Amino acid sequence: MTHGRISLPDTDYLYPTAVAANGSQVFGALYSDAWSGVVAVDRQGSITRIRAFANPNEDQISAAFDGRWLVWEESHSLTDFSDWDIRAWDSATGQVIDLAAAPRVGGATVPGPFVIPVVSQGRAAWVQANQSGQGELHLYALAERQDRVLSAERPVPPVLFWRSKVVWAERDMPDGGHLSMADAVTGEQLAVPEPLASIRSIASLAASDDLVAWTEDHHTVSVWRVGEPKAEQIFAAGKDDGVDWVTIAGGVVEWEGLKAPMAADLRSRSVAPLTEGNGFAYTNGEALVLEKPFGPLVKNGDEHHLSLNHFEPDVVDATSLPPLPGCPS
């Protein structure tokens, strides 16, 4: 698989948020007059309906897929991000299970960290608020339906799986923070290796087997290759740009800039935009998905309802990409 576009009917509006590592499917929120909800879409445009939205004008998702399990956070308000559920779909059986719901006190949801789940080898992890509004890191064994809390009070996003471990951020008072790590099967707390242990602020973090990339300040991008003694800063944004949602595919590090999704090719030491103008990019293993909205903006209801653009994602095998041209010295 080198590349391919997933096409949908013009009346369907897809917001993809996850991709299979082999590029065979994308997953996201589908909105149409006939049906709206969470879907899987294959390379031929065939749609598998996973779960319908109760309120298509408000419901939206963020998701992750590990080859069998799709895990997603389902937000139920465009303005109140404390109202959410976390669910999982077993692609082997077609069953959807509920993993967690926003805590409530006196009927009202408890504000807390923005919940974005991750999944790997049948285990999901996320940071959420507890009843007192403090952060709580959950590790959930999906087949066994077993949930455990690995850390309470100080956890904050991001959280990710790295090799056989789960890594997350913890907030240190009065300011700053650090990374923590545990075995993803047993939950045993582990020592974080240097130079990651020295990071005191983390805004976004990504990892492959041999590479870790992050931004501490929404302005710079740093990387560390496992086995090397030091991290390296590979990008600093200009005053009119920024860095968010760092990801990795192959030898390419991606992030969301203010103007376009960006990529740093570690083979040629080059940085370039991935799309012309506004767009989105996300990864899983070697699969890289590029999205750019096109067509007229469609208003769905009143000002509190979703505004929809049409997306047709391009799926790319990052290992097949030629190196970006080297930057002039």
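Classify the stretch 57-99 as rounded, prolate or oblate from the Cα gyration tensor: take a ≥ b ≥ c as the square roots of its eigenvalues, call it rounded if a/c is under 1.5, otherwise prolate when a/b beats b/c and oblate if not.
In terms of gyration-tensor shape, prolate.
For Trp245, which sequence-distant residues (separation of 5 or more, or a different chain) have an amide H within less than 5 Å of its own amide H, given hydrogens modelled in the peptide plane?
Long-range HN contacts for Trp245: Glu256.
Keeping the other protein chains in place, figure out the carbon and sulfur percent of the accessible area of the chain, with a 1.4 Å probe.
Roughly 50 percent, rounded to a whole number.
P(r) for the chain: what percent of alpha-carbon pairs falls in each 10 Å bin, starting at zero?
With a bin width of 10 Å, the distribution comes to 6, 25, 35, 26, 8, 0, 0.
Starting from 0.36 nm per residue, how many nanometres of slack lie between Asp183 and Thr79 once their C-alpha separation is accounted for?
So the extension gain works out to 33.9 nm.
Could you tally the net charge around Arg148, taking each other residue with its Cβ under 14 Å from the Cβ of Arg148, Lys/Arg +1 and Asp/Glu -1?
Result for the local shell: -3.
To the nearest 0.05, what FRET efficiency results for Gln233 and Asp42 with a Förster distance of 45 Å applied to their C-beta separation?
Efficiency, rounded to the nearest 0.05: 0.70.
Could you check the spin-label model distance between Trp35 and Ser320? Points 7 Å from the Cα along Cα→Cβ, value in nm.
Spacing of the two 7 Å Cα→Cβ label points: 3.0 nm.
Which GluC sites (Glu not before Pro) in the stretch 141-193 pass both tests, a DSSP loop state and at most 15 other beta-carbon atoms within 10 Å?
Answer by residue number: Glu144, Glu188.
To two decimal places, what compactness ratio does the stretch 153-211 give when its Cα radius of gyration is scaled by 2.2 N^0.38 Å?
1.07
Just need the relative contact order of the stretch 216-272 here, percent rounded to a whole number, with Cα pairs under 8 Å and 6+ apart.
It rounds to 23 percent for the stretch 216-272.
Run the numbers for Val192 and Asp244: contour at 0.36 nm per residue of separation, minus the present Cα-Cα distance, in nm.
Extra length from Val192 to Asp244 when fully extended: 16.4 nm.
Counting only heavy atoms of the protein chains, get the accessible area per residue of the stretch 77-229 (1.4 Å probe) and round it to a whole Å² value.
Per residue, the stretch 77-229 has 46 Å² of solvent-accessible surface.
Suppose each label sits 7 Å from its Cα in the direction of the beta carbon; what would the Ala272-Arg49 distance come out to in nanometres?
4.2
Say each of Arg163 and Arg200 gets a label point 7 Å from the Cα, pointing the same way as Cα to Cβ; how far apart are those two points in nm?
The two pseudo-label positions are separated by 2.7 nm.
Which shape class applies to the stretch 11-79: rounded if a/c is under 1.5, otherwise prolate when a/b exceeds b/c and oblate if not, where a ≥ b ≥ c are the square roots of the Cα gyration tensor eigenvalues?
oblate
For the chain, with a Gaussian network of springs between Cα atoms less than 10 Å apart, report the residue from Trp224, Trp126, Trp255 with the top mean-square fluctuation.
Result: Trp224 has the largest fluctuation of those listed.
Under 8 Å for C-alpha pairs, at least 6 residues apart: give me the relative contact order for the stretch 1-156, rounded to a whole percent.
Relative contact order of the stretch 1-156: 13 percent.
The values are calculated or read from the model by the stated rules, or taken from the named source; none is laboratory data. From a predicted model like this one, the values you see are computed outputs, not experimental measurements. All Cβ positions, even for glycine, are placed from backbone atoms using ideal geometry, and neighbour counts span all protein chains on display. Quick note on the areas: whole protein, heavy atoms, side chains included, nothing else; ligands and nucleic acids left out. Shrake-Rupley method; radii C 1.70, N 1.55, O 1.52, S 1.80 Å.
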